[in-house]
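Structure, as C-alpha cells:
The values are calculated or read from the model by the stated rules, or taken from the named source; none is laboratory data. In this text, all values refer to a predicted model and were calculated from it rather than measured experimentally. Methodologically, a virtual Cβ is constructed for each residue, glycine included, from the backbone with ideal geometry; neighbour enumeration extends over all protein chains shown.
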C-alpha cells in the first residue's frame, strides 16, 4: 500500500459487491458465503459498514481456513484494517503500521492496544458474527 493511501487512511479491503449478502439482526451479522465471492480465497476479506451496524466490521477468511471478525477500527488512530499477505496477520492502514494477529493481539506498531475481535461461527454456508 502506498505512503499516501496510508497517510489518508485508505484501506484495500472493500465492501462486498453484493450488498444483500449480509444482514444484521439482533446483534448478529449473517454473511451468506454463496453470495460473497470476495471471501472465497484464504487470506481474503470484506468490510461491513452502515445499515444500522453499531460499528464497522472486518471479516477475514484466514489462511487457516477459519473466518475471523474484528471491530474495524485500529486502536492507534481509529483507521480501518487490512489483512496482510503474511498469514495470520492484519494491519492498520496508517503510517504507524500497527500489526495484529487473528486473535486481535497487537504484535507491533503504535496502536494503543489489542483489537476487539468478534465471535464467529460457520454454519449452513454462512458466517455468523456476534457483534456484541
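I want to confirm something. Restricting to the range 83-110 and keeping residues that are in contact with a strand residue (DSSP E or B) (Cβ under 8 Å, 6 or more places away or on another chain) and buried (at least 21 other Cβ atoms within 10 Å of the Cβ), which single residue is nearest to residue 43 (Cα to Cα)?
Of the residues in the range 83-110, the ones in contact with a strand residue (DSSP E or B) (Cβ under 8 Å, 6 or more places away or on another chain) are 83-84, 88-93, 97-104, 106-109.
Still in the running and buried (at least 21 other Cβ atoms within 10 Å of the Cβ): 83, 90-93, 98, 100.
Values: 83: 7, 90: 10, 91: 13, 92: 16, 93: 17, 98: 18, 100: 14 Å.
Per the stated criteria, the residue is 83.
Looking at residue 78, is it more than 15 Å from residue 12 (Cα to Cα) and over 11 Å from the mean Cα position of the chain (by Cα)?
yes
Just to verify a result, which residue in the range 38-56, among those that are more than 22 Å from residue 86 (Cβ to Cβ) and in contact (Cβ under 8 Å) with a residue 12 or more places away in the chain, is surrounded by the fewest Cβ atoms within 10 Å (Cβ to Cβ)?
First, pick out the residues of the range 38-56 that are more than 22 Å from residue 86 (Cβ to Cβ): 48-56.
Retained after the next criterion (residues that are in contact (Cβ under 8 Å) with a residue 12 or more places away in the chain): 48-49, 51-56.
Numbers: 48: 22, 49: 12, 51: 10, 52: 7, 53: 14, 54: 10, 55: 13, 56: 16.
Among residues in the range 38-56 that are more than 22 Å from residue 86 (Cβ to Cβ) and in contact (Cβ under 8 Å) with a residue 12 or more places away in the chain, the one surrounded by the fewest Cβ atoms within 10 Å (Cβ to Cβ) is 52.
Filter the range 122-132 for residues that are surrounded by 12 or more Cβ atoms within 10 Å (Cβ to Cβ) and more than 12 Å from the chain's Cα centre (by Cα); which is modelled with the lowest pLDDT?
From the range 122-132, those surrounded by 12 or more Cβ atoms within 10 Å (Cβ to Cβ) are 122, 126-131; that's our starting set.
If we keep only those that are more than 12 Å from the chain's Cα centre (by Cα) too, we end up with 122, 126-128, 130-131.
On the way: 122: 97, 126: 97, 127: 98, 128: 97, 130: 92, 131: 74.
Selected residue: 131.
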